[in-house]
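Since the structure comes first, as structure tokens, the remarks are kept for the end.
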Amino acid sequence: MRRPAIARAFRPIPGALLCAALACAAADWREFSAGFTIPSEGYCDQPYVIKTADGNWLCTLTTGRGQEGSRGQHVAAAISADEGRTWSPLIDIEPAGGPEASWVVPLLTPYGRVYAFYDYNGDDVGHGDARFAMPDGKAAYRADMLGWYCYRFSDDHGRTWSPARYRLPMPPAPCDLGNQWNGRVQVFWGIDKPKTAGGAAFFGFTRLGRWMLENGEGWLYRSANVLAERDPGRIAWELLPAGGRGIREERFGSVQEEHNMVPLDGNAMYCVYRTEMGHPCHSYSADGGRTWTQPEPMTYAPGGRVVRNPRACPKLWKTAAGRFLFWFHNNGERTFNQGGRYGNRNVAWIAGGKVIDGRMRWSQPEIVRYVSHPLRGCSYPDLLEDGGRCFIASTQKTEARIGEIPADLLEGLWRQDEIAEKARGGLALEAAAEDLPDGEASLPMPRLPRLDEGGGATIELRLHLDDLAPDAPLLTSHDAARGGITVRTTPRGAAAIEIGDGIASSGWECDPGLLRPGADHHVVFIVDGGPKVIAVVVDGILCDGGSSDTRRYGWGRFLI
């Protein structure tokens, strides 16, 4: 719609409690373009940021002048002395003129050294020796996941990098022996920023059983001495899990990728990874990564609702205070869209996590990033903590940015199950039908902020419906031009909102089957003019489409 409605009155249904809260237009920190730009050569991926011992920020990233995977793709770094506002020119970790180098992740040691781990096409697969030709006579294409796992290090906070390149041990596993090169070439990549626990460092990655992106399984490197040992020749590495088979469950198909992990208490660890089943999978280890539980669909709580995510990076973080965050896209898309991109990565959501009895519990999520163009999302995020503040970096593949996440949003996620008071900020109207004066059926409607300027409104209803007859109005508000808001029941046993200006309208309904006749319900419609999202919360649960493949989104976007 071209402008928001200016509604004149609403009519609540007897027994219903209605609250209307307004959000005025303002600069929106969630918008991708609101962040500070991180430099690149055109293509950019995995902008991972650490705070170095000299107090600056160091970002490592994969970049290049061509498209993803093109010849000339390499890994580089940049330094910021002003919390990401400005950055140094790119510093090569590997030069653009060498074999492809990709998917770099940084590790900071207690004494200030920075390690950078990355894929390196050391055998120049697809470009030289016939033993390492691309399969099926294909031209050199996407050699960015082939070759060796390597690292360099910096002892001056990322300004220069070791002349020597070091190689991580990766003995062939059964999945390697089944690839097109019979194991002579290994296919892998990683998105997991290294973590530390108990004096050791570790990071996860994905091995692929077939080039290019088939039969993925999760592995991790662990070193008990890399944080203290300064001689690279004396650093010891373990490749886990033990037994020659990675983290994988056959029933979830070929696509099981981008394994990333966080430490829990003691030797416990938690792993999440993407699939194309419409949900991520998760797995637990009780022995430092040596063995893992059979992967299962990721749930908000043990035995609870499945988390929804397309074939897109699901990213875990553990904060310095020992709390957890999870970035995902909160939709069950399984198909290619957005011009051939994987799934729908716009909008990005974040949930807060707690560990109870050794298992993760996740909050209901909030929007953390969106892109105004509906078909261009951002992904491959990283979390940086600095002075008690949290920043998230992410990329559109052609542009990377970093911005702060408000502390109150994160605290709200972590304390979501503790907060019992009503949210009264921005409250514009509160009314119960039985409190209306005798003979009155309506009240003045507050003026709504402009949705096309980033404003929004939340309409909260407490309902007790004797039946779910379709198209029964729960709330109506219309001006003379028939612009306004309608909330009604639908034939699918749900409640829906429609908001319009008399010319065009948009609407959305909650997931079907959540409302029951004769039961009390709390239904909240959130019309958010920043990301242009309509979301619905029913009885404290954010609608996500449910388990049905016919409804892969529990929230919708509108255009104005």
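The values are calculated or read from the model by the stated rules, or taken from the named source; none is laboratory data. If you're wondering where the values come from, they're calculated on a predicted model, not measured in any experiment. Neighbour counts are summed over all protein chains in view; Cβ atoms, including those assigned to glycine, are modelled from backbone coordinates with ideal geometry. We work out accessible area using only protein heavy atoms, side chains counted, and drop any ligands, DNA or RNA first. Shrake-Rupley method; radii C 1.70, N 1.55, O 1.52, S 1.80 Å.
Of note:
- Residue-span extension gain [ILE541 to GLU434] - 0.36 nm each, minus C-alpha spacing: 35.8 nm
- When only Cα pairs below 8 angstrom with a gap of at least 6 residues are kept, the range 213-326 shows a relative contact order of 21 percent.
- Longest exposed-site-free window of the chain, the sites being GluC sites (Glu not before Pro) in a DSSP loop that have at most 12 other C-beta atoms within 10 Å: 1-417
- Over the range 434-560, relative contact order from alpha-carbon pairs under 8 Å, at least 6 apart, %: 22
- Taking other residues whose beta carbon is less than 9 angstrom from the beta carbon of ILE350, and scoring Lys, Arg as +1 and Asp, Glu as -1, yields 0.
- Neighbour-limited loop hits for trypsin sites (Lys or Arg not before Pro), the range 156-236 (at most 13 other Cβ within 10 Å; DSSP other than H, G, I, E, B): ARG230
- Taking each DSSP H run with n ≥ 4 as -39500 (n - 2.57) and averaging over every residue of the chain yields -500 deg cm²/dmol at 222 nm.
- In percent, rounded to a whole number, the relative contact order of the chain is 17, using alpha-carbon pairs under 8 Å and six or more apart.
- Spacing of the two label points (7 Å from each Cα toward its C-beta) at GLU68 and ALA242, in nm: 3.7
- For the range 501-510, Karplus couplings with θ = phi - 60° (6.51, -1.76, 1.60), whole Hz, Gly/Pro x: 10, x, 10, 10, 8, 9, x, 7, 10, 6
- Rolling a 1.4 Å probe across the protein heavy atoms gives the chain an accessible surface of 39 Å² per residue.
- Cα-Cα over 27 Å, subset of LYS51/LYS354; LYS397/LYS532; LYS193/LYS422: LYS193/LYS422
- Taking the square roots of five times each eigenvalue of the Cα gyration tensor of the chain, the equivalent ellipsoid has semi-axes of 47, 24, 22 Å, listed largest first.
- Estimated vicinal HN-Hα couplings, Hz - the range 246-258 in sequence order (Karplus 6.51, -1.76, 1.60; Gly, Pro = x): x, 7, 6, 9, 4, 5, 9, x, 5, 7, 9, 9, 6
- Label-point separation, ALA228 to LEU559 (7 Å along Cα→Cβ), nm: 6.1
- Taking chymotrypsin sites (Phe, Trp or Tyr not before Pro) across the range 65-113, the ones in a DSSP loop with at most 12 further Cβ atoms lying within 10 angstrom of their Cβ are TYR111.
- At full extension, ILE91 and ASP265 could sit 58.9 nm farther apart than now, given 0.36 nm per residue minus the alpha carbon distance.
- Taking chymotrypsin sites (Phe, Trp or Tyr not before Pro) across the range 508-560, none is in a DSSP loop with at most 12 further Cβ atoms lying within 10 angstrom of its Cβ.
- For GLN180, nonlocal amide neighbours, meaning residues 5 or more places apart or on other chains whose placed amide H falls under 5 Å from its own, are TRP211.
- Split the accessible area of the range 433-555 by element, probe 1.4 Å, and carbon with sulfur accounts for 51%.
- If you take all other residues with their beta carbon under 14 Å from the beta carbon of GLY425, and give Lys and Arg +1 and Asp and Glu -1, the sum is -2.
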